[in-house]
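The structure follows.
The values are calculated or read from the model by the stated rules, or taken from the named source; none is laboratory data. Just so you know, these numbers come straight off a predicted model, no measurement behind them. Positions of Cβ are backbone-derived with ideal geometry, glycine not excepted, and every protein chain shown enters the neighbour counts.
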């Protein structure tokens, strides 16, 4: 009983602390209504991409933000997840639940192996070895001619029992439910003893070790969990895209995930989702803006996006969440000043 | 037949190795001394290649292109350090990754606007085109041989500079312990900027020399960047000697692996499996090497920090 009460307590605490995450998730649930009445079905697609990338970034954030391990190779797990769907489809297994199970097991195993090997190093070496493993897998899939090699392969959307994914709204809500599950799972993990230990390891690993815990074991478990979350996002991504290619796990994607996290706020639950919203909106809107200002250069929106990233790093400590909480503090200070 | 093939591919591997070394030499110092994860080093390669190709196209002389591109890349490194990188020294690695990732996007797009998305091709001067027989019956392109020689000359130059000169001693001291070096009264800021600009310059030289062999296009430096990061990690961050040895190893493994591994596999397993797995394993070989090195020697083969 007390376990259940604790669980409810944890969820309640989380609701209080992470109102923003729930607000965003509710927002995503209501978003199709807006696009329906505004007749902008294209934006549903953007929202699905935001949710998928946000989900992957949330997974990476467990390692990056809470665990302090700068993994530069998480795109590999998205890719493995996507190829789990692709390869299953290739062999005629169309059931989406099987894809997800396959992806969870494979990504968990890959995360375990890569984590075990990579976590023996730290600092720059860790960044580089995770990148190397991601590149290894990238080239592995590039050279697998049976599954399309460099060009990738088109696949059908998976079958999730009664959920017909060719109905765009059902796909949307399948992704949404996955996002809710991942969000709640991560919220629980972050507040559990495991999550607290992980954060303690980030701030001082030797002290944790002195208390009789093995930091490496906690780090590996965290790495595996984040790999699995990225894998789930990847599997759904494949179904959404109806196409799998090594491009999905290009090293720049790992960079993108990091950008999303930093943009939103490192080590926060809502941060990655918020970051994904801003990142993909910029990706959609910058070409339009640039097209309006200088039509000849509409395709060269990256020329603005690169410096924007640099600005975020130079001046945006704490990301958007940090910015929001600063505003909050300022407002509180003002109302305190006025008195009751 | 096989001997000439092996010889030819070994030379190709050497050529890839010395080019990698030119990129890695500066980067290993940037990583080791300044502790900055600088991902935009590939952009310096691209800048060098474009500068050389553009000048060569404008003047019609390959060598003028080469010599004018050297100051261009030096200047670009110098300005970049002054404008951005010096503000990143005290930041953590993740922020450095992001800021320099932003730089990559910016430079690629800048080049795309300036020169268009299509690849530039530059012609070789007559004195460097054609073949030379390295063994009777084994012709080899003069240009690639020239690249190997220039690369080796640069490597020897860097080695003498680092191990014999006063500034080289400062560089080594900086790689070993930057705080102590600064405490001994060495102006570490100027040293950093100098190393950065020289490193950019060597990356640029690699780009210029690659120009006639590969396509000069936006983003051309990125595969080279990733490989040179592998080189640096294998050799040990901050060690120029390690970078040279690792670059040659990586260049040879990559080139020879791609050519001979499928054939070697075919003698062990059946044809179909070998044809399927050969190219896959060959392209992963470099990364497997790096993983193995890191597992047994987590700080690389020749760690600079003592």
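Kindly indicate the residue of region B:1-37 that is within 14 Å of chain A (Cβ to nearest Cβ) and in a loop (DSSP other than H, G, I, E, B) and also nearest to the chain's Cα centre (by Cα) among those meeting that condition.
Going residue by residue through region B:1-37, those that are within 14 Å of chain A (Cβ to nearest Cβ) are B:24, B:27-37.
Now drop any that are not in a loop (DSSP other than H, G, I, E, B), which leaves B:34-37.
Values: B:34: 18, B:35: 18, B:36: 17, B:37: 15 Å.
Of everything passing the filter in region B:1-37, B:37 is nearest to the chain's Cα centre (by Cα).
Can I ask one more? Taking into account only those residues within region A:119-157 that are in contact with a strand residue (DSSP E or B) (Cβ under 7 Å, 6 or more places away or on another chain) and either more than 14 Å from chain B (Cβ to nearest Cβ) or in a loop (DSSP other than H, G, I, E, B) (or both), which is surrounded by the most Cβ atoms within 10 Å (Cβ to Cβ)? Break it down stepwise before answering.
First, the residues of region A:119-157 that are in contact with a strand residue (DSSP E or B) (Cβ under 7 Å, 6 or more places away or on another chain): A:147, A:152-155.
Filter once more, keeping what is either more than 14 Å from chain B (Cβ to nearest Cβ) or in a loop (DSSP other than H, G, I, E, B) (or both): A:152-155.
Numbers: A:152: 21, A:153: 17, A:154: 13, A:155: 23.
Checked region A:119-157; the qualifying residue surrounded by the most Cβ atoms within 10 Å (Cβ to Cβ) is A:155.
Moving on. For region A:167-189, how many residues are within 11 Å of residue A:66 (Cβ to Cβ) and more than 15 Å from the chain's Cα centre (by Cα)? First the steps, then the outcome.
Quick first cut of region A:167-189, residues within 11 Å of residue A:66 (Cβ to Cβ) only: A:186, A:189.
After this cut, where a residue has to be more than 15 Å from the chain's Cα centre (by Cα) as well, the list is A:189.
The total comes to 1.
Answer with yes or no whether residue A:322 is at pLDDT below 75, within 25 Å of the chain's Cα centre (by Cα) and within 11 Å of chain B (Cβ to nearest Cβ). Steps first, answer last, please.
On the way: at pLDDT below 75: yes; within 25 Å of the chain's Cα centre (by Cα): yes; within 11 Å of chain B (Cβ to nearest Cβ): no.
When the stated conditions are applied, residue A:322 does not pass them.
For every residue, the table says whether it meets (1) surrounded by 13 or more Cβ atoms within 10 Å (Cβ to Cβ); (2) modelled with pLDDT under 85; (3) within 9 Å of chain A (Cβ to nearest Cβ).
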position: B:265; (1), (2), (3): yes, yes, no
position: B:270; (1), (2), (3): no, yes, no
position: B:276; (1), (2), (3): yes, yes, yes
position: B:294; (1), (2), (3): yes, yes, yes
position: B:297; (1), (2), (3): yes, yes, no
position: B:306; (1), (2), (3): no, yes, no
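Would you mind telling me which numbered condition in (1) free of Cβ contacts under 8 Å to residues at least 12 places away in the same chain; (2) more than 11 Å from chain A (Cβ to nearest Cβ); (3) farther than 30 Å from residue A:69 by Cβ residue B:90 fails?
Single failed check for residue B:90: (3).
Looking at region B:108-124, which of the residues that are more than 8 Å from chain A (Cβ to nearest Cβ) and part of a helix (DSSP H, G or I) is surrounded by the fewest Cβ atoms within 10 Å (Cβ to Cβ)? Even if it seems obvious, please write down each step before you answer.
Applying the first criterion (more than 8 Å from chain A (Cβ to nearest Cβ)) to region B:108-124 yields B:111, B:114-124.
Narrowing the set further to residues that are part of a helix (DSSP H, G or I) leaves B:111, B:114-115.
Values: B:111: 22, B:114: 10, B:115: 16.
Per the criteria, the residue is B:114.
Give the residues of region A:291-318 that are away from chain B (no Cβ under 11 Å) and either surrounded by 14 or more Cβ atoms within 10 Å (Cβ to Cβ) or closer than 19 Å to residue A:57 by Cα (or both), sorted by residue number.
Those that are away from chain B (no Cβ under 11 Å) and either surrounded by 14 or more Cβ atoms within 10 Å (Cβ to Cβ) or closer than 19 Å to residue A:57 by Cα (or both): A:291, A:298, A:318.
Further question: Return the only residue of A:183, A:115 being closer than 30 Å to residue B:27 by Cβ, crowded, with 22+ Cβ neighbours inside 10 Å and more than 10 Å from chain B (Cβ to nearest Cβ). Step through it out loud before you land on a result.
Numbers: A:183 fails: closer than 30 Å to residue B:27 by Cβ.
The match here is A:115.
Moving on to the next point. What is the number of the single condition among (1) in contact with a helix residue (DSSP H, G or I) (Cβ under 6 Å, 6 or more places away or on another chain); (2) under 30 Å from residue B:50 (Cβ atoms) that residue B:265 does not meet?
The failed condition is (2).
Okay, moving on. Would a scan of region B:145-167 turn up a residue that is within 14 Å of chain A (Cβ to nearest Cβ), in a helix (DSSP H, G or I) and touching a helix residue (DSSP H, G or I) at 6+ places or on another chain (Cβ under 6 Å)? Spell out how you get there, then give the answer.
From region B:145-167, those within 14 Å of chain A (Cβ to nearest Cβ) are none; that's our starting set.
Looking for residues that are within 14 Å of chain A (Cβ to nearest Cβ), in a helix (DSSP H, G or I) and touching a helix residue (DSSP H, G or I) at 6+ places or on another chain (Cβ under 6 Å), one finds none in region B:145-167, hence no.
A further question on this structure: Does residue A:48 count as buried (at least 18 other Cβ atoms within 10 Å of the Cβ), away from chain B (no Cβ under 14 Å), modelled with pLDDT under 90 and within 15 Å of the chain's Cα centre (by Cα)? Explain how you work it out, then say what you get.
Values: buried (at least 18 other Cβ atoms within 10 Å of the Cβ): yes; away from chain B (no Cβ under 14 Å): yes; modelled with pLDDT under 90: yes; within 15 Å of the chain's Cα centre (by Cα): yes.
Judged against the criteria, residue A:48 is a match.
In this structure, does residue B:96 turn out to be modelled with pLDDT of 85 or more, within 25 Å of residue B:238 (Cα to Cα) and within 13 Å of chain A (Cβ to nearest Cβ)? If you could, list the steps in order and put the result at the bottom.
Values: modelled with pLDDT of 85 or more: yes; within 25 Å of residue B:238 (Cα to Cα): yes; within 13 Å of chain A (Cβ to nearest Cβ): yes.
Judged against the criteria, residue B:96 is a match.
Might you let me know whether region B:53-75 holds any residue that is within 14 Å of chain A (Cβ to nearest Cβ) and either buried (at least 21 other Cβ atoms within 10 Å of the Cβ) or modelled with pLDDT of 85 or more (or both)? Lay out the reasoning, then the answer.
Taking region B:53-75 and keeping what is within 14 Å of chain A (Cβ to nearest Cβ), we get none.
The answer is no; no qualifying residue exists.
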